[in-house]
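The next block holds one structure in the form of structure tokens; read it before the comments.
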Amino acid sequence: MVSTAPAAPPLRRVHGLVLACHLGPTVAMTGLSAALVLAFGGTGGAAARLAVCVLAGQLSIGWSNDARDAAADTEAGRTAKPIVRGLVDARTVGRAAGIALVACVVLSVALLAPVAGGWHLLAVGSAWLYNLWLKDTIASPVPYALAFAAVPVIVSSVVDPAEPLPVGLAAVGALVGVAVHLANTAGEVSSDRLVGRGGLACAIGSGWARALTVVLLAAAAAVLHVLVDPGPVGGLVLGGLVGLAAAAATSQSGRWLVPAGLTVTGGGVVA
């Protein structure tokens, strides 16, 4: 069970909340979204509006993930988690996730055009579905596919709502998203199985998960090169995907591949 230690002091709880939001991916996704709007020729105001919405959504996703996994993380001895360390309690993190989710919905409706706002809420909703249910099923990659596919669609719609949806880039994003998910979870197969949890990576094993990661990244590179941009800029992004594939095949931990995968997907959008 989750520790029932006395409540931490306010500053300690704030520190715990900051850590529990999955700070790296949250900052990476928020900054990348704003940067892509600017790269697409959007205004600073448009970039700021999207960044605010993305930040609220990412906070809700990170906090709901840690609140949902608190008991399993404690049982598995994952002392890097702020709830397990006693910096903050699961109830506080859960409440913060709910508040952030409400803010995300309100901001997305108020600040974004219907297409961009709808896709953003779809991506956030799929991430919540992952946290609450799909994380422990073989369908665990689906929310990652939706979220990464949504990146170019949201950015394009924010800059120009009349622009046709970038289907090719969405396909690249979906493939990279699934690959990143498998790379991110392959290193936790043993601990997840220990507590009776785990998604597709646990079902197929760490070795197969890493192998499938490489195949998916190669497929993303092929789609990018053939359908999106066969020119020199696309070639640079292609090189990034090849590098990710090599890293996924050899790295013992795939956590850093989440921001790396987002960056490569962003590079594809720019290309």
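Volume per residue of the convex hull around the Cα atoms, evaluated for segment 4-135, comes out as 107 Å³.
Computed with a 1.4 Å probe on the full set of protein chains, the accessible area for Leu11 sits at about 150 Å². When only the Cβ of Lys, Arg, Asp and Glu is charged (+1, +1, -1, -1), the dipole of segment 135-225 relative to its Cα centre reaches about 320 debye. Using a 7 Å offset from Cα along Cα-Cβ at Glu75, what residues in segment 163-201 end up with backbone N under 16 Å from the label point? Only 189-199 pass the distance filter.
Each of Phe40, Phe148 has its accessible area taken with a 1.4 Å probe; listed largest first, they run Phe40, Phe148. Here the translational diffusion coefficient of segment 167-230 follows from Stokes-Einstein with Rh set to the Kirkwood radius across Cα pairs; for 25 °C and 0.890 mPa s it amounts to 200 µm²/s. The magnitude of the dipole of segment 26-97, with charges of +1 and -1 set on the Cβ of Lys/Arg and Asp/Glu and taken from the Cα centre, is near 120 debye.
The values are calculated or read from the model by the stated rules, or taken from the named source; none is laboratory data. Computed from a predicted model, the values in this text were never measured in an experiment. Neighbour counts run over all protein chains shown; Cβ positions are idealised from the backbone, glycine included. Accessible surface areas use protein heavy atoms only, side chains included; no ligands, DNA or RNA. Shrake-Rupley method; radii C 1.70, N 1.55, O 1.52, S 1.80 Å.
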